[in-house]
Amino acid sequence: MRKKLLAGNWKMNKDIAESIDLISEINKGLNSSVFNKADVIVCPPFISIYPVCEYLKHSEIKVGGQNMYKETEGAYTGEISANMLISAGCRYVILGHSERRQYFGENDTLINQKMEKAITSNLIPILCVGETLSQREENKHIQTVTEQVKSCLKNIEASNEQEKFIIAYEPVWAIGTGVNATPEQAEEMHSEIRGILKELYGEDISEQIRILYGGSINEINSTDLFKMKNIDGGLVGGASIKAESFIKIINSVQ
Ligand code: PEP
């Protein structure tokens, strides 16, 4: 039985003071019993990670970065390393988000290298994959996501004992648009992804890997999405920077 997971991607929103206001509202608004049903992660902007982690010292909420670089250290102006994220208190990192692919030219090869670095550094990457609207309209969505998953997981090991990575299916046409994939559309892709994981890692391990849905999740559509067999929670953007909405989405886990 896979435990549900809700991750909030704050993107480039909230300065330090606003981050503390938001996390304190979320933390105070969650009943401790919710953590029996779901893991909760927030991914603030880099400069807010340390203060948010300090604030969450005695909380069940975990923290992730929104990105990292593949190298250990060195002359990579503007980048951040896996060890830096860990030293600030992160356990997770989002990799391959479509906004990184679209605006910063990230491709599957680089994302695969980042995956390897994150895992060997003891961070748990949340690998984002998803097709564009035109790829879906041309009926190439399954092929696109299959290629992304296989390329980004090249030489990446998974294990029965320890969670090595999480996958987030985020159709690009659903991110920030208010148009979410239907539960059936998402489930179709999640079950395809589960099939690829089975090919790569075998039945047992593939059944343990969590696959999140992301793309315009809100407190109205979350219940039906999270009921689907292969949807193990959500990666939430816009609705995660409003405490009330994020709390309602977390509470919608059955
Ligand atoms: C995201 O950025 O990962 C995301 C899913 O955004 P939104 O929920 O705003 O569509």
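The values are calculated or read from the model by the stated rules, or taken from the named source; none is laboratory data. As the structure is a computational prediction, the values presented were derived from the model and not from experiment. Glycine gets a Cβ as well: all are built from the backbone with ideal geometry, and neighbour counts include every protein chain shown. For accessibility, only protein heavy atoms count, side chains too; no ligands or nucleic acids. Shrake-Rupley method; radii C 1.70, N 1.55, O 1.52, S 1.80 Å.
Some notes on this structure:
- Per-residue extension of 0.36 nm, minus the Cα-Cα distance of Lys3 and Glu73, leaves a gain of 21.8 nm for this segment.
- Among Ile80, Phe104, Gly65 the positive-end extreme of the charge dipole of segment 65-132 (Cβ point charges): Gly65
- About the Cα centre, charge dipole magnitude for the chain (Lys/Arg +1, Asp/Glu -1 at Cβ), debye: 360 debye
- Cα-only Debye scattering, segment 136-254: base-10 log of I(q)/I(0) at q = 0.09, 0.18, 0.19 Å⁻¹: -0.25, -0.95, -1.03
- Using heavy atoms of the protein chains and a probe of 1.4 Å, the accessible area assigned to Phe35 is about 30 Å².
- Of all lysines in the structure, the ones whose alpha carbon falls short of 25 Å from that of Lys154, not counting any fewer than 8 places away in one chain, are Lys70, Lys114, Lys117, Lys140, Lys164, Lys198.
- Accessible surface for segment 89-245, divided over its residues, is 43 Å² per residue with a 1.4 Å probe.
- Note on exposure: Lys242, Lys140, Lys4 ranked by accessible area (1.4 Å probe, complete protein assembly) read Lys242, Lys140, Lys4, with the most exposed listed first.
- When the charge dipole of the chain is built from unit charges on Cβ atoms (+1 for Lys and Arg, -1 for Asp and Glu) and taken about the Cα centre, the candidate among Asn251, Gly233, Cys128 whose Cα reaches farthest toward its positive end is Asn251.
- Less than 5 angstrom separates the built amide H of Ile41 from those of Leu6, Ala7, Gly8, Lys62, all sequence-distant by 5 or more or on a different chain.
- Considering only Gly89, Leu6, Leu56, and ranking their Cα positions along the charge dipole of segment 1-154 that arises from unit charges at the beta-carbon of Lys, Arg, Asp and Glu, the one farthest toward the positive end is Leu6.
- For Lys11, the lysines whose Cα comes closer than 16 Å to its Cα, not counting residues fewer than 8 places off in the same chain, are Lys242.
- On the chain, 48 percent of the accessible area sits on carbon and sulfur atoms, based on a 1.4 Å probe.
- Among 124-133, 15-24, the order from most to least packed when residues are scored by Cβ within 10 Å on average: 124-133, 15-24
- Ranked from largest to smallest solvent-accessible area, with a 1.4 Å probe on the protein heavy atoms, Tyr50, Tyr92, Tyr76 come out as Tyr50, Tyr76, Tyr92.
- The length gained on full extension between Phe104 and Asn36, counted as 0.36 nm times the residue separation minus their Cα-Cα distance, comes to 20.7 nm.
- Where a label projected 7 Å from the Cα of Gln254 along Cα→Cβ would reach, residues of segment 30-66 with amide N under 16 Å: 37-38
- Globularity ratio of the chain, using Cα Rg and 2.2 N^0.38 Å: 0.93
- Highest to lowest packing among 65-74, 228-237, 201-210, scored as the average C-beta count within 10 Å: 228-237, 65-74, 201-210
- Calculated on the alpha-carbon coordinates, the convex hull of segment 57-201 measures out at 139 cubic angstrom per residue.
- Separation in nanometres of the label points that stand 7 Å from Cα toward Cβ, at Ser24 and His58: 1.5 nm
- Over the chain, dividing the summed -39,500 (n - 2.57) contributions of all DSSP H runs of at least 4 residues by the number of residues returns a 222 nm mean residue ellipticity of -12000 deg cm²/dmol.
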